[in-house]
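Report on the structure given below.
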Amino acid sequence: MSKELILMLHPTFGVLAIIASVWVFVEALNASDANIVRLRNASVLAAILMWSAYIVGGYWYVVFYGGDKTLIKAGPWPFAHSFFMETKEHVFLMLLLLATYLPIAAYGEVVKKSATRNLVLWTSALVVLLGLAMEGAGAFISMGAKVALLANQI
């Protein structure tokens, strides 16, 4: 698999996990016996996609990021690594746990118990918000690499 494809799969899986989590949120807002299967399937899909983003991103980090890290830290935006990547490395673990917990909560009594329904709503909302934050942090990291490469050309 090419380096570029691996690099693109990471945010793609992340965005798809966010979309699946929005789907869970909407299904939970209108939880009923008619949509409980969709809600549960979407929650499992969100977890699988988030784990896929983690595995692909972790592979990229271990195999390829060392050179990028050096480049970013030497470039005009060293904070892209020192703040955004460091934050992403730690906050993502919480996001991964929440995404993993989402199907566990969704397989509870979502239709009959409002507390369980609220738990699914809050968990899916947190996955969406943290996922968007991770996507934004990734954009800063990517831009850090780009400005470093541009600075080396001038």
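The values are calculated or read from the model by the stated rules, or taken from the named source; none is laboratory data. In this text the structure is predicted, and so the values were computed from the model without any measurement. Don't worry about glycine lacking a Cβ; one is built from the backbone with ideal geometry, like all the others, and counts go over all protein chains shown.
Output the qualifying pairs, or none if there are none: Cβ atoms under 9 angstrom, residues six or more apart or on different chains, first residue in segment 1-29 and under 16 Å from Val44 (Cβ atoms), second residue modelled with pLDDT of 95 or more and among the acidic types (Asp, Glu). Listed by first residue and then by second, the contacts come to Ile18/Glu135. The single residue among Ser43, Ser32, Ser2, Ser52 that is under 12 Å from the mean Cα position of the chain (by Cα) and on the phi < 0 side of the Ramachandran plot turns out to be Ser52.
The residue that is farthest from the chain's Cα centre (by Cα), among those in segment 59-92 that are small (Gly, Ala, Ser) and exposed (fewer than 13 other Cβ atoms within 10 Å of the Cβ), is Ala74.
Remark: pairs (first residue in segment 105-120, over 13 Å from Glu27 (Cβ atoms); second residue part of a loop (DSSP other than H, G, I, E, B); Cβ separation under 6 Å; 6+ apart in sequence or on different chains) = Thr116/Gly108; Thr116/Glu109; Thr116/Val110.
Residue count for segment 104-127 under the criterion of being within 16 Å of the chain's Cα centre (by Cα) and crowded, with 19+ Cβ neighbours inside 10 Å: the result is 3. In segment 69-87, the residues that are over 11 Å from Leu149 (Cβ atoms) form Cβ pairs under 7 Å with partners that are charged (D, E, K, R) and surrounded by fewer than 17 Cβ atoms within 10 Å (Cβ to Cβ), at six or more places apart or across chains, as follows: His81/Lys73.
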